[in-house]
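Have a look at the structure below before the remarks.
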Amino acid sequence: MSAHALLSPSAAHRWLNCTPAPRLEATLPESTSEYAEEGRLAHSVCELAARKKFTLMKPSAYNTALKKLKADPLWSDEMLTTAGVYAEHLAERAMSYQNTPYVTPEVKVDISDYVPEAFGTCDCVMIGGDELIITDYKHGKGVPVSAEGNPQMRLYALGALRKYRPLYGDTIRRVSFYIDQPRLDSYSGETMTVEDLTTWGESEVKPKAALAYAGEGSYAPGEWCRFCRAKAQCRARAGVHTALEDFKDAQPPTAGGSPLLTDAEIGGLLHRAEGLIKWYDSLREYALGALLDGGVIPGWKAVEGRSVRQWTDQDKALETIISAGIDRAVVYDLVPKTLAQLEKMIGAPQFSELVGGLIAKPPGKPALAPESDKRPAYSGAAADFAEAT
Ligand code: SF4
């Protein structure tokens with residue numbers, strides 16, 4: 001088994017929709033970001049927190065392991081807080097069973113019954129009553145990831161069934177998946193019967209996985225392009241956004257027609273232009289990278305961006321100003337830390353105990369969102385009322 005399967009469960013949403021993507025991506029360089037490394041460290045902290053909660057781990061062993069993690073340059077105290085939330089949720093779930101469930105963190109699962117050569121790692125597997133539960137921790141704070149209809153979680157569950165069914169047999173009748181994303185305060189779950197899950201695996205996954213493994217099928221651009229390695233260079237994605245046909249509704253008015261777009265046209269165009277902006281951003285990012293690597297993008301060059309002056313020795317500069325007779329109050333502002341910074345530094349439980357009652361959450365500014373957005377529609381009256389109270 002190689003370290004990376006061609007069809008990874010985390011990219012399943014993409015290859016289930018665009019089957020030729022994995023083979024195309026394999027021809028392009030892989031990049032690893034600091035965010036990915038930070039995520040790996042945060043997962044190790046979660047694993048340690050879960051082991052402390054569910055195994056007979058000696059305090060000395062826990063402290064040694066924690067010290068090692070804290071020595072990582074990407075360490076942040078917030079990881080301890082979010083891992084605590086994750087472990088608490090696991091404990092709550094474990095307590096919901098009459099008998100103590102089987103709980104184990106970091107379980108490698110083999111998904112090759114459905115997806116060629118695929119494997120994955122479940123952050124936590126719990127088996128209680130007639131249920132198998134997979135919990136996944138997400139450290140990202142870009143977009144909330146929902147467990148509902150999530151193919152990555154379902155594939156993990158299929159792998160976990162393969163591993164545990166020989167031991168538990170038909171006792172396992174249901175599977176549940178949970179995604180904890182504490183930094184976005186996002187927690188979601190889904191439950192399916194084992195029968196529905198395996199039917200999904202056989203009918204939805206197997207045929208598409210076979211196509212994807214062979215690099216066959218049609219390129220199908222969509223929101224899943226976002227994390228595709230080919231997102232900037234992909235011709236199919238470019239085709240969608242460069243097709244003039246896509247904007248035909250906004251062509252110049254015909255004789256006698258209105259020169260202004262209707263609200264209905266604007267609604268449609270907003271949807272179509274959304275993908276266009278994301279695609280354009282991927283092109284810019286790719287082109288800048290290529291130019292910095294010494295490549296040529298005809299018609300474009302890399303330039304120095306806006307630069308802000310900075311002290312070479314701030315302490316010395318400020319002392320010089322003060323010793324010249326300028327009042328210290330002119331030089332320094334006494335600015336309190338933000339609510340979020342203080343919460344991060346003090347820790348959520350103590351912060352909430354001390355000042356939880358002194359926090360209000362005013363309504364956010366109105367923002368435009370597609371109708372499918374889960375948030376309720378903005379109500380000016382409700383916002384006025386919230387402000388008044
Ligand atoms: S960019 Fe989109 S359409 Fe192109 S290969 Fe990737 S997922 Fe498929």
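The values are calculated or read from the model by the stated rules, or taken from the named source; none is laboratory data. Just so you know, these numbers come straight off a predicted model, no measurement behind them. Cβ coordinates were reconstructed from backbone atoms using ideal geometry, including for glycine residues, and neighbour counts include every protein chain displayed.
Summary table
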{"quantity": "Which numbered condition GLU30 misses (of (1) among the charged types (D, E, K, R); (2) more than 16 Å from the ligand (Cβ to nearest atom); (3) loosely packed, with under 12 Cβ neighbours inside 10 Å)", "calculated": "(2)"}
{"quantity": "Residue in the stretch 310-327 that is part of a helix (DSSP H, G or I) and under 30 Å from MET79 (Cα atoms) present", "calculated": "no"}
{"quantity": "Qualifying residues in the stretch 38-52 (those that are of a type in the set (A, V, I, L, M) and under 19 Å from the mean Cα position of the chain (by Cα)) - the one surrounded by the fewest Cβ atoms within 10 Å (Cβ to Cβ)", "calculated": "LEU41"}
{"quantity": "ALA160, sole failed condition from (1) out of contact with any His (no Cβ under 8 Å at 6 or more places or on another chain); (2) within 16 Å of the ligand (Cβ to nearest atom); (3) touching a residue at least 40 places away in the same chain (Cβ under 8 Å)", "calculated": "(2)"}
{"quantity": "Complete set of residues in the stretch 166-195 that are charged (D, E, K, R) and in contact with a strand residue (DSSP E or B) (Cβ under 9 Å, 6 or more places away or on another chain)", "calculated": "ARG173, ARG174, ASP180, GLU190"}
{"quantity": "Test set (1) out of contact with any Lys or Arg (no Cβ under 9 Å at 6 or more places or on another chain); (2) of a type in the set (Val, Ile, Thr); (3) over 27 Å from GLY149 (Cβ atoms) - THR81 fails condition number", "calculated": "(1)"}
{"quantity": "Flag for ALA287 being among the aliphatic types (A, V, I, L, M) and assigned to a helix (DSSP H, G or I)", "calculated": "yes"}
{"quantity": "The stretch 176-192, subset under 13 Å from the mean Cα position of the chain (by Cα) and farther than 12 Å from GLY149 by Cβ, residue surrounded by the most Cβ atoms within 10 Å (Cβ to Cβ)", "calculated": "ASP180"}
{"quantity": "One residue from ALA147, ALA87, ALA94, ALA160 being over 17 Å from the mean Cα position of the chain (by Cα), within 22 Å of ALA5 (Cβ to Cβ) and not β-branched (Val, Ile, Thr)", "calculated": "ALA160"}
{"quantity": "Any pair with Cβ under 7 angstrom, 6 or more apart, that starts in the stretch 359-379 at a residue that is assigned to a loop (DSSP other than H, G, I, E, B) and ends at one that is of a type in the set (Phe, Trp, Tyr)", "calculated": "PRO366/TYR378"}
{"quantity": "Close pairs (9 angstrom Cβ cut-off, 6 or more residues apart or separate chains): more than 13 Å from VAL103 (Cβ to Cβ) and assigned by TED's automatic domain parsing to the domain that holds THR100 in the stretch 48-59, modelled with pLDDT under 90 and of a type outside the set (S, T, N, Q) anywhere", "calculated": "LEU48/MET57"}
{"quantity": "All positions within the stretch 193-239 that are of a type in the set (A, V, I, L, M), more than 8 Å from the ligand (Cβ to nearest atom) and crowded, with 18+ Cβ neighbours inside 10 Å", "calculated": "VAL194, LEU197, VAL205, ALA209, ALA212, ALA232"}
{"quantity": "Pair list, Cβ under 8 Å, 6 or more apart: the stretch 11-27 residue under 11 Å from VAL205 (Cα atoms), other residue aromatic (Phe, Trp, Tyr) and within 7 Å of the ligand (Cβ to nearest atom)", "calculated": "HIS13/TRP224; ASN17/TRP224"}
{"quantity": "Top-ranked residue in the stretch 60-104 [being touching a residue at least 40 places away in the same chain (Cβ under 8 Å) and β-branched (Val, Ile, Thr); ranked as surrounded by the fewest Cβ atoms within 10 Å (Cβ to Cβ)]", "calculated": "THR104"}
